[in-house]
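Worksheet: one structure, shown below.
The values are calculated or read from the model by the stated rules, or taken from the named source; none is laboratory data. Keep in mind the model is a prediction, meaning the values are calculated, not measured. Cβ: placed from backbone, ideal geometry, glycine included. Neighbour counts: every protein chain shown.
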Amino acid sequence: MNERRRRITESGTASFLLNLSLLRLRIDRSPDENAILRLARSQMLSVYDAAYLELAQREGLPLATQDADLRRAAAGEGVALVSSGDGEDTESPRK
């Protein structure tokens, strides 16, 4: 889609895919659906965003996002945020 809209070149796509393949990614197949729905309802998040928050909680990892609502929810749930290094981000303490 982005190539068609001329947002990225074919070589840019190839470079992105190569860089992506170098990451050590792991597919999570054990989400806690009840926790996701609880987070979505209590924090007024989409289920999609709540799934990211649930994963960070469950794995005890900081959450990387620029979404204001998700950052607010993470802080409310005691989930640390990844700092961008620009001086504006603060890490939330774990509960």
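Got a number for residues in region 37-51 being assigned to a loop (DSSP other than H, G, I, E, B) and crowded, with 17+ Cβ neighbours inside 10 Å?
Residues meeting the conditions: 1.
Consider L25 carefully, then state whether it is out of contact with any strand residue (DSSP E or B) (no Cβ under 9 Å at 6 or more places or on another chain), exposed (fewer than 11 other Cβ atoms within 10 Å of the Cβ), modelled with pLDDT under 95 and not in a loop (DSSP other than H, G, I, E, B).
no
Does N34 count as under 21 Å from S84 (Cβ atoms) and either out of contact with any helix residue (DSSP H, G or I) (no Cβ under 8 Å at 6 or more places or on another chain) or not in a helix (DSSP H, G or I) (or both)?
no
Considering only residues of region 52-78 that are aliphatic (A, V, I, L, M) and within 19 Å of E33 (Cα to Cα), which is surrounded by the most Cβ atoms within 10 Å (Cβ to Cβ)?
A74
If we keep just the residues of region 2-60 that are touching a Pro at 6+ places or on another chain (Cβ under 9 Å) and of a type in the set (A, V, I, L, M), which is nearest to A74 (Cα to Cα)?
So, considering only residues that are touching a Pro at 6+ places or on another chain (Cβ under 9 Å) and of a type in the set (A, V, I, L, M), the one nearest to A74 (Cα to Cα) is A56.
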